[in-house]
1. Stretch H146-T15 to full length: gain in nm at 0.36 nm per residue minus the Cα-Cα span?
2. From the phi angles alone, apply the Karplus equation (6.51, -1.76, 1.60; θ = phi - 60°) to the range 25-40 and give each ³J(HN,Hα) in whole Hz, x where the residue is Gly or Pro.
3. Spelling out what I want: for every residue of the range 43-53, take phi, set θ = phi - 60°, compute 6.51 cos²θ - 1.76 cosθ + 1.60 (Karplus), and round to whole Hz; glycine and proline get x.
4. Under the 0.36 nm per residue contour assumption, what length would be gained going from the current alpha-carbon distance of K108 and W165 to full extension?
5. So how tilted is helix 147-160 from the main axis of the chain? Cα-based, degrees 0 to 90, rounded to 10.
6. What residues have an amide H closer than 5 Å to that of E131, excluding those fewer than 5 places away on the same chain, when H is modeled at 1.01 Å from N in the peptide plane?
7. For the range 123-138 and the range 3-37, compute the distance between their C-alpha centroids and round to whole Å.
8. Amide H to amide H, which residues 5 or more places from Y164 or on other chains are under 5 Å from it, using H placed in the peptide plane?
Amino acid sequence: MHFTGTVYRNPYWPTWPLLEITQGCTHNKCKFCTMYKDVPFRMSPMEWIEEDLKELSESDPNARTIQILSANPLVLTYDKLAPIFEMVHRYLPKMEYIYLAGRVSDLKNKTVEELKKLKELGMKEISLGVESGDDWTLNMINKGYHAEDILEQCHKLEEAGIDYWMTFLKALPESLTVVSTL
Ligand code: SF4
């Protein structure tokens, strides 16, 4: 299996199998986060992804869930994600849930129709590292989007019928306590 840099597994989803399709974070500027400072963002080569799926099809052929890494694979466009999801189903035919995490801004490059198609391919639930709904706080931590963006993008998810949940910071920026990684 290919794993690069820090591997964060969302503890609220089944923590195996995992499949890395991206490395690093496209934003990498949140003031409280050092997880991917040394890992430039890139999409994994399709050959790596296929090699890993072959391995998983031998070790875990009946897998019904898979957690996609890392750190914000949701940023990939529909045209990049759909072939990967189709490949997941080819190697793991019982797959039901393809779990992804990402940033609110990762949804901007997808239409509602594209989100619906991704849902049909298994992306029924995503996790968003929102951190706060307050613009002052979002600016302070350099999150790169605002409350209005959260509302706009989450409405798209609702229209597409994709479940989502959010993680938030639980302290003010002066004494940040991190409860989220995205
Ligand atoms: S908190 Fe998330 S979006 Fe911000 S730099 Fe870290 S991984 Fe990237």
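FYI, it's all coordinate maths here, none of it is from the lab. Model, not experiment: these values are computed from the prediction. Cβ placement follows ideal geometry from the backbone for every residue including glycine, while neighbour counts extend to all protein chains displayed.
1. Working: separation 131, 0.36 × 131 = 47.16 nm, distance 3.05 nm.
Computed gain between H146 and T15 is 44.1 nm.
2. These are the phi-based 3J(HN,Hα) values: 10, 5, 8, 6, 10, 5, 5, 9, 10, 10, 4, 10, 4, 9, 10, x Hz.
3. 7, 5, x, 4, 5, 4, 4, 5, 4, 5, 5
4. 18.8 nm
5. Between helix and principal axis, roughly 30 degrees.
6. The list, which skips near neighbours in sequence, is T167, F168, L169.
7. One Cα centre to the other: 16 Å.
8. Sorted by chain and number, the residues that satisfy this are I126.
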